[in-house]
1. To the nearest 10 degrees, how steep is helix 322-339 against the longest Cα principal axis of the chain, on a 0 to 90 scale?
2. Compute the length gained on full extension between GLU354 and LYS11: take 0.36 nm times their separation in residues and subtract their Cα-Cα distance, giving the result in nm to one decimal.
3. Take the solvent-accessible surface of the protein heavy atoms, probe 1.4 Å, and return the percent of it on the stretch 287-390 that carbon and sulfur atoms account for.
4. Compute the distance from the alpha-carbon center of the stretch 46-72 to that of the stretch 362-390, in whole Å.
5. Using alpha carbons only, how many degrees (0 to 90, rounded to 10) separate the axis of helix 99-113 from the longest principal axis of the chain?
6. Just to confirm, what accessible area per residue do you get for the chain at 1.4 Å probe, in whole Å²?
7. Are there any trypsin sites (Lys or Arg not before Pro) in the stretch 12-115 that are in a DSSP loop and have at most 14 other Cβ atoms within 10 Å? List them by number.
8. Given the chain, what percent of its DSSP beta bridges are antiparallel, to the nearest 5?
Amino acid sequence: MDNFLYETPTKVYFGKEQHKEVGRIIKAYGAKKVLIHYGGKSAMQSGLLNCVKECLAAENIAYICLGGVVPNPELSLVREGIALCLAENVDFILAVGGGSVLDSAKGIANGAANPTMDVWDFSIRKAEPQKTIPKGCILTLAAAGSEMSASCVITNTETGMKCGYNSICNRMNFAILNPELTYTVSPYQTACGIVDIAMHTMERYFSVGTDTYLTDSIAEAVIKSVYKSGQDCLKAPTNYAARANMMWASSLAHNGLTECGRNVVMAVHQLEHEVSAMYPAVAHGAGLAALWGSWARFAYPANKPRFVQYAKNIWGIDNASEDAAIQEAIAKQEKLYQSIGMPISLRELGVKPEDLETLANKCSRDKTRVLTGYCKIGYAEMLDIYKRAY
(Lines give C-alpha, C1' and ligand atoms only; values in the text may rest on other atoms or scores of the structure.)
Protein backbone atom coordinates (compact mmCIF):
# COMPACT_ATOMS: atom_id res chain seq x y z
CA MET A 1 0.00 0.00 0.00
CA ASP A 2 1.42 3.37 -1.08
CA ASN A 3 1.53 6.42 1.17
CA PHE A 4 -1.55 8.62 0.79
CA LEU A 5 -3.28 11.75 2.06
CA TYR A 6 -7.01 11.35 2.62
CA GLU A 7 -8.98 14.53 3.20
CA THR A 8 -12.74 15.01 2.88
CA PRO A 9 -13.64 18.40 4.33
CA THR A 10 -17.14 18.45 2.78
CA LYS A 11 -19.95 18.33 5.33
CA VAL A 12 -22.82 16.15 4.07
CA TYR A 13 -26.48 16.75 4.92
CA PHE A 14 -28.19 13.57 3.72
CA GLY A 15 -31.86 12.70 3.58
CA LYS A 16 -35.41 13.88 3.05
CA GLU A 17 -36.19 17.60 3.22
CA GLN A 18 -32.56 18.51 3.90
CA HIS A 19 -32.53 21.09 1.08
CA LYS A 20 -34.99 23.20 3.09
CA GLU A 21 -32.23 23.86 5.63
CA VAL A 22 -29.98 25.57 3.08
CA GLY A 23 -30.58 29.10 4.42
CA ARG A 24 -29.65 28.14 7.95
CA ILE A 25 -26.62 26.20 6.72
CA ILE A 26 -25.26 29.07 4.61
CA LYS A 27 -25.88 31.60 7.37
CA ALA A 28 -23.40 29.71 9.55
CA TYR A 29 -20.67 30.68 7.05
CA GLY A 30 -21.40 34.38 7.56
CA ALA A 31 -22.46 34.83 3.94
CA LYS A 32 -23.80 38.25 2.95
CA LYS A 33 -24.51 37.63 -0.74
CA VAL A 34 -24.91 34.31 -2.52
CA LEU A 35 -24.63 33.40 -6.17
CA ILE A 36 -27.20 30.68 -6.91
CA HIS A 37 -25.80 28.78 -9.86
CA TYR A 38 -27.95 26.32 -11.79
CA GLY A 39 -28.58 24.71 -15.16
CA GLY A 40 -31.79 25.00 -17.15
CA LYS A 41 -35.52 24.99 -16.66
CA SER A 42 -35.79 21.91 -14.44
CA ALA A 43 -34.63 23.75 -11.32
CA MET A 44 -37.31 26.37 -11.90
CA GLN A 45 -40.11 24.06 -13.01
CA SER A 46 -39.62 21.71 -10.07
CA GLY A 47 -39.96 24.59 -7.61
CA LEU A 48 -36.52 23.88 -6.16
CA LEU A 49 -35.08 27.25 -7.19
CA ASN A 50 -37.94 29.15 -5.58
CA CYS A 51 -37.56 27.04 -2.44
CA VAL A 52 -33.87 27.96 -2.25
CA LYS A 53 -34.65 31.66 -2.68
CA GLU A 54 -37.24 31.52 0.08
CA CYS A 55 -34.81 29.76 2.41
CA LEU A 56 -32.16 32.44 1.85
CA ALA A 57 -34.67 35.28 2.21
CA ALA A 58 -35.88 33.81 5.51
CA GLU A 59 -32.34 34.23 6.86
CA ASN A 60 -31.98 37.72 5.36
CA ILE A 61 -29.28 36.58 2.95
CA ALA A 62 -29.09 38.46 -0.34
CA TYR A 63 -28.66 36.51 -3.57
CA ILE A 64 -28.29 36.74 -7.32
CA CYS A 65 -28.81 33.97 -9.85
CA LEU A 66 -26.89 32.64 -12.82
CA GLY A 67 -28.34 29.79 -14.86
CA GLY A 68 -27.42 28.33 -18.20
CA VAL A 69 -24.99 25.55 -17.28
CA VAL A 70 -24.93 22.84 -19.95
CA PRO A 71 -23.52 19.31 -19.90
CA ASN A 72 -19.74 19.61 -20.28
CA PRO A 73 -19.76 23.02 -18.52
CA GLU A 74 -18.25 25.80 -20.57
CA LEU A 75 -15.45 28.21 -19.77
CA SER A 76 -17.41 31.14 -21.18
CA LEU A 77 -20.11 30.81 -18.48
CA VAL A 78 -17.44 30.38 -15.81
CA ARG A 79 -15.91 33.68 -16.91
CA GLU A 80 -19.35 35.31 -16.85
CA GLY A 81 -19.90 34.03 -13.33
CA ILE A 82 -16.53 35.33 -12.16
CA ALA A 83 -17.30 38.82 -13.49
CA LEU A 84 -20.73 38.73 -11.82
CA CYS A 85 -19.28 37.68 -8.47
CA LEU A 86 -16.69 40.45 -8.54
CA ALA A 87 -19.23 43.11 -9.56
CA GLU A 88 -21.79 42.02 -6.94
CA ASN A 89 -19.36 41.27 -4.08
CA VAL A 90 -20.55 37.66 -3.82
CA ASP A 91 -19.03 35.83 -0.85
CA PHE A 92 -20.70 32.41 -1.20
CA ILE A 93 -21.65 30.25 -4.17
CA LEU A 94 -24.48 27.73 -4.08
CA ALA A 95 -24.66 25.19 -6.90
CA VAL A 96 -28.11 23.69 -7.51
CA GLY A 97 -27.98 20.79 -9.95
CA GLY A 98 -25.78 17.94 -11.13
CA GLY A 99 -22.07 17.56 -11.70
CA SER A 100 -21.87 20.09 -14.54
CA VAL A 101 -23.39 22.81 -12.37
CA LEU A 102 -21.10 21.91 -9.48
CA ASP A 103 -17.96 21.98 -11.63
CA SER A 104 -18.98 25.31 -13.14
CA ALA A 105 -19.50 26.68 -9.62
CA LYS A 106 -16.05 25.46 -8.60
CA GLY A 107 -14.52 27.24 -11.56
CA ILE A 108 -16.33 30.46 -10.70
CA ALA A 109 -15.34 30.25 -7.02
CA ASN A 110 -11.68 29.72 -7.86
CA GLY A 111 -11.61 32.40 -10.53
CA ALA A 112 -13.36 35.03 -8.43
CA ALA A 113 -11.05 34.38 -5.47
CA ASN A 114 -7.96 34.76 -7.68
CA PRO A 115 -8.96 37.63 -10.01
CA THR A 116 -5.42 38.36 -11.20
CA MET A 117 -5.06 34.81 -12.54
CA ASP A 118 -6.63 33.28 -15.66
CA VAL A 119 -9.09 30.63 -14.52
CA TRP A 120 -8.34 28.48 -17.59
CA ASP A 121 -4.72 28.22 -16.44
CA PHE A 122 -6.01 26.10 -13.55
CA SER A 123 -7.60 23.64 -15.97
CA ILE A 124 -4.49 23.27 -18.12
CA ARG A 125 -2.35 23.10 -14.98
CA LYS A 126 -0.35 26.16 -15.84
CA ALA A 127 -1.25 27.61 -12.44
CA GLU A 128 -2.93 26.54 -9.21
CA PRO A 129 -5.66 28.41 -7.33
CA GLN A 130 -4.32 29.88 -4.12
CA LYS A 131 -7.71 30.34 -2.47
CA THR A 132 -11.40 30.02 -3.25
CA ILE A 133 -14.79 31.42 -2.34
CA PRO A 134 -16.79 29.22 0.07
CA LYS A 135 -19.33 27.08 -1.75
CA GLY A 136 -21.95 24.44 -1.25
CA CYS A 137 -24.38 22.45 -3.32
CA ILE A 138 -27.82 20.94 -3.50
CA LEU A 139 -27.39 17.84 -5.64
CA THR A 140 -30.12 16.82 -8.08
CA LEU A 141 -28.33 14.08 -10.03
CA ALA A 142 -26.33 11.12 -8.72
CA ALA A 143 -23.50 10.61 -11.20
CA ALA A 144 -20.39 12.78 -11.28
CA GLY A 145 -19.52 12.72 -7.58
CA SER A 146 -18.47 16.37 -7.79
CA GLU A 147 -20.29 17.05 -4.53
CA MET A 148 -17.40 15.53 -2.56
CA SER A 149 -14.57 15.40 -5.08
CA ALA A 150 -11.47 17.56 -5.44
CA SER A 151 -11.87 17.69 -9.21
CA CYS A 152 -13.23 20.29 -11.61
CA VAL A 153 -13.76 19.62 -15.33
CA ILE A 154 -14.37 22.51 -17.72
CA THR A 155 -14.68 22.70 -21.52
CA ASN A 156 -13.07 25.48 -23.54
CA THR A 157 -15.25 25.66 -26.64
CA GLU A 158 -12.80 28.02 -28.37
CA THR A 159 -9.99 25.45 -28.33
CA GLY A 160 -12.10 22.29 -28.17
CA MET A 161 -10.30 21.18 -25.00
CA LYS A 162 -12.00 19.55 -22.02
CA CYS A 163 -9.69 19.49 -19.01
CA GLY A 164 -9.93 18.54 -15.39
CA TYR A 165 -7.72 19.37 -12.43
CA ASN A 166 -7.63 18.46 -8.75
CA SER A 167 -7.26 20.96 -5.94
CA ILE A 168 -8.31 21.28 -2.31
CA CYS A 169 -9.97 24.50 -3.50
CA ASN A 170 -12.43 22.37 -5.46
CA ARG A 171 -13.92 20.78 -2.35
CA MET A 172 -17.43 21.89 -1.48
CA ASN A 173 -17.87 23.22 2.05
CA PHE A 174 -21.12 21.30 2.25
CA ALA A 175 -23.28 19.06 0.11
CA ILE A 176 -27.02 18.61 0.57
CA LEU A 177 -28.07 15.17 -0.67
CA ASN A 178 -31.80 14.58 -0.73
CA PRO A 179 -32.51 11.46 -2.81
CA GLU A 180 -36.08 12.67 -3.42
CA LEU A 181 -34.68 15.39 -5.70
CA THR A 182 -33.52 12.67 -8.12
CA TYR A 183 -36.94 11.04 -8.56
CA THR A 184 -37.54 12.87 -11.85
CA VAL A 185 -34.15 12.08 -13.41
CA SER A 186 -34.77 10.47 -16.79
CA PRO A 187 -33.99 6.78 -17.37
CA TYR A 188 -31.20 7.74 -19.76
CA GLN A 189 -29.52 10.09 -17.30
CA THR A 190 -29.99 7.56 -14.52
CA ALA A 191 -28.22 4.98 -16.69
CA CYS A 192 -25.42 7.44 -17.43
CA GLY A 193 -25.10 7.95 -13.68
CA ILE A 194 -24.79 4.21 -13.05
CA VAL A 195 -21.87 4.05 -15.50
CA ASP A 196 -20.17 7.20 -14.21
CA ILE A 197 -20.34 6.21 -10.54
CA ALA A 198 -19.07 2.70 -11.14
CA MET A 199 -16.37 3.95 -13.50
CA HIS A 200 -15.03 6.43 -10.94
CA THR A 201 -14.47 3.44 -8.69
CA MET A 202 -13.17 1.04 -11.35
CA GLU A 203 -10.64 3.55 -12.64
CA ARG A 204 -9.16 3.59 -9.15
CA TYR A 205 -9.52 -0.16 -8.74
CA PHE A 206 -7.47 -0.74 -11.89
CA SER A 207 -4.76 1.77 -10.97
CA VAL A 208 -1.28 0.78 -9.80
CA GLY A 209 -1.08 -0.47 -6.23
CA THR A 210 -0.63 -3.60 -4.13
CA ASP A 211 -1.79 -4.90 -0.75
CA THR A 212 -4.85 -2.64 -0.73
CA TYR A 213 -7.38 -5.32 0.16
CA LEU A 214 -9.39 -3.03 2.46
CA THR A 215 -9.60 -0.32 -0.18
CA ASP A 216 -10.42 -3.00 -2.74
CA SER A 217 -13.26 -4.36 -0.63
CA ILE A 218 -14.78 -0.89 -0.28
CA ALA A 219 -14.45 -0.31 -4.02
CA GLU A 220 -16.05 -3.64 -4.87
CA ALA A 221 -18.95 -2.89 -2.53
CA VAL A 222 -19.51 0.51 -4.18
CA ILE A 223 -19.46 -1.02 -7.67
CA LYS A 224 -21.90 -3.80 -6.82
CA SER A 225 -24.15 -1.45 -4.85
CA VAL A 226 -24.52 1.05 -7.66
CA TYR A 227 -25.30 -1.70 -10.16
CA LYS A 228 -28.09 -2.94 -7.89
CA SER A 229 -29.45 0.43 -6.78
CA GLY A 230 -29.18 1.91 -10.27
CA GLN A 231 -31.16 -0.90 -11.88
CA ASP A 232 -33.73 -0.63 -9.06
CA CYS A 233 -34.05 3.10 -9.82
CA LEU A 234 -34.76 2.31 -13.47
CA LYS A 235 -37.50 -0.14 -12.45
CA ALA A 236 -39.06 2.23 -9.88
CA PRO A 237 -37.90 5.88 -10.18
CA THR A 238 -39.42 6.88 -6.82
CA ASN A 239 -37.88 4.02 -4.85
CA TYR A 240 -36.31 6.04 -2.03
CA ALA A 241 -33.96 3.28 -0.85
CA ALA A 242 -32.59 2.77 -4.36
CA ARG A 243 -32.16 6.50 -5.02
CA ALA A 244 -30.52 6.95 -1.61
CA ASN A 245 -28.00 4.16 -2.12
CA MET A 246 -27.18 5.37 -5.62
CA MET A 247 -26.70 8.95 -4.41
CA TRP A 248 -24.40 7.90 -1.58
CA ALA A 249 -22.43 5.67 -3.94
CA SER A 250 -21.91 8.70 -6.19
CA SER A 251 -20.22 10.56 -3.33
CA LEU A 252 -18.10 7.65 -2.10
CA ALA A 253 -16.94 6.77 -5.61
CA HIS A 254 -15.26 10.13 -6.14
CA ASN A 255 -14.29 11.47 -2.71
CA GLY A 256 -10.96 9.60 -2.61
CA LEU A 257 -12.00 6.74 -0.33
CA THR A 258 -11.76 4.04 -3.03
CA GLU A 259 -8.25 5.03 -4.10
CA CYS A 260 -6.39 5.06 -0.78
CA GLY A 261 -3.01 3.37 -1.24
CA ARG A 262 -3.21 3.31 -5.05
CA ASN A 263 -1.70 5.58 -7.72
CA VAL A 264 -4.65 6.80 -9.79
CA VAL A 265 -4.53 7.68 -13.52
CA MET A 266 -8.16 7.30 -14.77
CA ALA A 267 -7.23 6.60 -18.38
CA VAL A 268 -10.77 5.92 -19.60
CA HIS A 269 -11.88 9.31 -18.31
CA GLN A 270 -9.04 11.00 -20.17
CA LEU A 271 -10.00 9.20 -23.38
CA GLU A 272 -13.67 10.09 -22.93
CA HIS A 273 -13.08 13.77 -22.22
CA GLU A 274 -11.91 14.21 -25.78
CA VAL A 275 -15.00 12.48 -27.17
CA SER A 276 -17.50 14.69 -25.31
CA ALA A 277 -15.39 17.78 -26.01
CA MET A 278 -15.55 17.10 -29.76
CA TYR A 279 -19.14 15.85 -29.59
CA PRO A 280 -20.88 17.97 -26.88
CA ALA A 281 -24.13 16.02 -27.22
CA VAL A 282 -22.39 12.91 -25.85
CA ALA A 283 -23.17 12.38 -22.17
CA HIS A 284 -20.08 11.61 -20.12
CA GLY A 285 -21.45 8.32 -18.78
CA ALA A 286 -22.40 7.15 -22.26
CA GLY A 287 -18.93 7.96 -23.54
CA LEU A 288 -17.35 5.98 -20.72
CA ALA A 289 -19.55 2.98 -21.48
CA ALA A 290 -18.58 3.12 -25.16
CA LEU A 291 -14.87 3.09 -24.35
CA TRP A 292 -14.46 0.88 -21.29
CA GLY A 293 -14.61 -2.55 -22.93
CA SER A 294 -12.02 -1.60 -25.55
CA TRP A 295 -9.71 -0.14 -22.92
CA ALA A 296 -10.11 -3.24 -20.75
CA ARG A 297 -9.31 -5.65 -23.59
CA PHE A 298 -6.26 -3.53 -24.42
CA ALA A 299 -5.03 -3.18 -20.84
CA TYR A 300 -5.75 -6.49 -19.11
CA PRO A 301 -2.68 -8.44 -20.38
CA ALA A 302 -0.52 -6.01 -18.37
CA ASN A 303 -2.20 -7.01 -15.10
CA LYS A 304 -4.13 -10.25 -15.39
CA PRO A 305 -4.32 -10.95 -11.62
CA ARG A 306 -6.15 -7.67 -11.06
CA PHE A 307 -8.69 -8.40 -13.75
CA VAL A 308 -9.13 -11.95 -12.46
CA GLN A 309 -9.93 -10.50 -9.03
CA TYR A 310 -12.46 -8.17 -10.66
CA ALA A 311 -14.03 -11.08 -12.55
CA LYS A 312 -14.38 -13.15 -9.38
CA ASN A 313 -15.39 -10.51 -6.84
CA ILE A 314 -17.68 -8.40 -9.03
CA TRP A 315 -19.15 -10.96 -11.41
CA GLY A 316 -18.67 -14.25 -9.53
CA ILE A 317 -16.60 -15.76 -12.32
CA ASP A 318 -14.06 -18.34 -11.15
CA ASN A 319 -12.71 -19.85 -14.35
CA ALA A 320 -9.54 -21.92 -14.46
CA SER A 321 -8.45 -19.94 -17.50
CA GLU A 322 -7.43 -16.38 -16.63
CA ASP A 323 -8.07 -15.06 -20.11
CA ALA A 324 -11.46 -16.74 -20.37
CA ALA A 325 -12.55 -15.37 -16.97
CA ILE A 326 -11.45 -11.85 -17.85
CA GLN A 327 -13.09 -11.87 -21.27
CA GLU A 328 -16.32 -13.17 -19.75
CA ALA A 329 -16.28 -10.42 -17.11
CA ILE A 330 -15.74 -7.70 -19.69
CA ALA A 331 -18.56 -9.13 -21.79
CA LYS A 332 -20.87 -9.22 -18.75
CA GLN A 333 -20.20 -5.57 -18.03
CA GLU A 334 -20.92 -4.63 -21.63
CA LYS A 335 -24.12 -6.68 -21.51
CA LEU A 336 -25.14 -4.73 -18.40
CA TYR A 337 -24.52 -1.48 -20.26
CA GLN A 338 -26.69 -2.60 -23.13
CA SER A 339 -29.47 -3.71 -20.77
CA ILE A 340 -29.74 -0.17 -19.35
CA GLY A 341 -29.58 1.54 -22.74
CA MET A 342 -25.91 2.48 -22.76
CA PRO A 343 -23.66 2.18 -25.86
CA ILE A 344 -20.65 -0.11 -26.09
CA SER A 345 -19.14 1.51 -29.19
CA LEU A 346 -18.27 5.00 -30.38
CA ARG A 347 -20.26 4.34 -33.54
CA GLU A 348 -23.45 4.28 -31.46
CA LEU A 349 -22.64 7.80 -30.27
CA GLY A 350 -22.30 9.16 -33.79
CA VAL A 351 -18.51 9.52 -33.69
CA LYS A 352 -17.08 9.66 -37.18
CA PRO A 353 -14.24 7.25 -38.04
CA GLU A 354 -12.21 10.08 -39.59
CA ASP A 355 -12.14 11.81 -36.18
CA LEU A 356 -10.38 8.98 -34.34
CA GLU A 357 -6.88 10.24 -35.14
CA THR A 358 -7.87 13.75 -34.03
CA LEU A 359 -9.19 12.34 -30.74
CA ALA A 360 -5.91 10.50 -30.15
CA ASN A 361 -3.90 13.59 -31.02
CA LYS A 362 -5.90 15.75 -28.61
CA CYS A 363 -5.76 13.20 -25.81
CA SER A 364 -1.99 12.85 -26.25
CA ARG A 365 -1.60 16.66 -26.37
CA ASP A 366 -0.09 16.55 -29.85
CA LYS A 367 1.74 13.30 -29.06
CA THR A 368 3.51 14.75 -26.00
CA ARG A 369 1.44 13.12 -23.22
CA VAL A 370 1.61 9.51 -22.09
CA LEU A 371 -0.87 8.12 -19.56
CA THR A 372 0.98 5.91 -17.10
CA GLY A 373 -0.19 2.92 -15.12
CA TYR A 374 0.19 -0.83 -15.57
CA CYS A 375 0.67 -0.09 -19.26
CA LYS A 376 1.70 3.19 -20.87
CA ILE A 377 -0.83 4.78 -23.20
CA GLY A 378 0.57 7.25 -25.69
CA TYR A 379 -0.74 8.44 -29.05
CA ALA A 380 -0.46 5.05 -30.78
CA GLU A 381 -2.15 3.20 -27.92
CA MET A 382 -4.88 5.84 -27.64
CA LEU A 383 -5.62 5.51 -31.35
CA ASP A 384 -5.69 1.72 -30.96
CA ILE A 385 -8.25 1.95 -28.15
CA TYR A 386 -10.41 4.42 -30.08
CA LYS A 387 -10.34 2.11 -33.11
CA ARG A 388 -11.21 -0.92 -30.98
CA ALA A 389 -14.16 1.04 -29.58
CA TYR A 390 -15.52 1.99 -32.98
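The values are calculated or read from the model by the stated rules, or taken from the named source; none is laboratory data. Every value quoted in this text rests on a predicted model; they were computed, and no experiment measured them. All Cβ positions, even for glycine, are placed from backbone atoms using ideal geometry, and neighbour counts span all protein chains on display. Side chains are part of the model used for accessible areas, which takes the heavy atoms of the whole protein and leaves out ligands, DNA and RNA. Shrake-Rupley method; radii C 1.70, N 1.55, O 1.52, S 1.80 Å.
1. For helix 322-339, the angle is close to 40 degrees.
2. The GLU354-LYS11 span can extend by a further 118.8 nm.
3. Carbon plus sulfur share of accessible area: 47 percent.
4. Between the Cα centre of the stretch 46-72 and that of the stretch 362-390, the gap is 42 Å.
5. 60 degrees
6. That works out to 41 Å² for each residue.
7. Those satisfying the criteria are LYS16, LYS32, LYS41.
8. 25 percent
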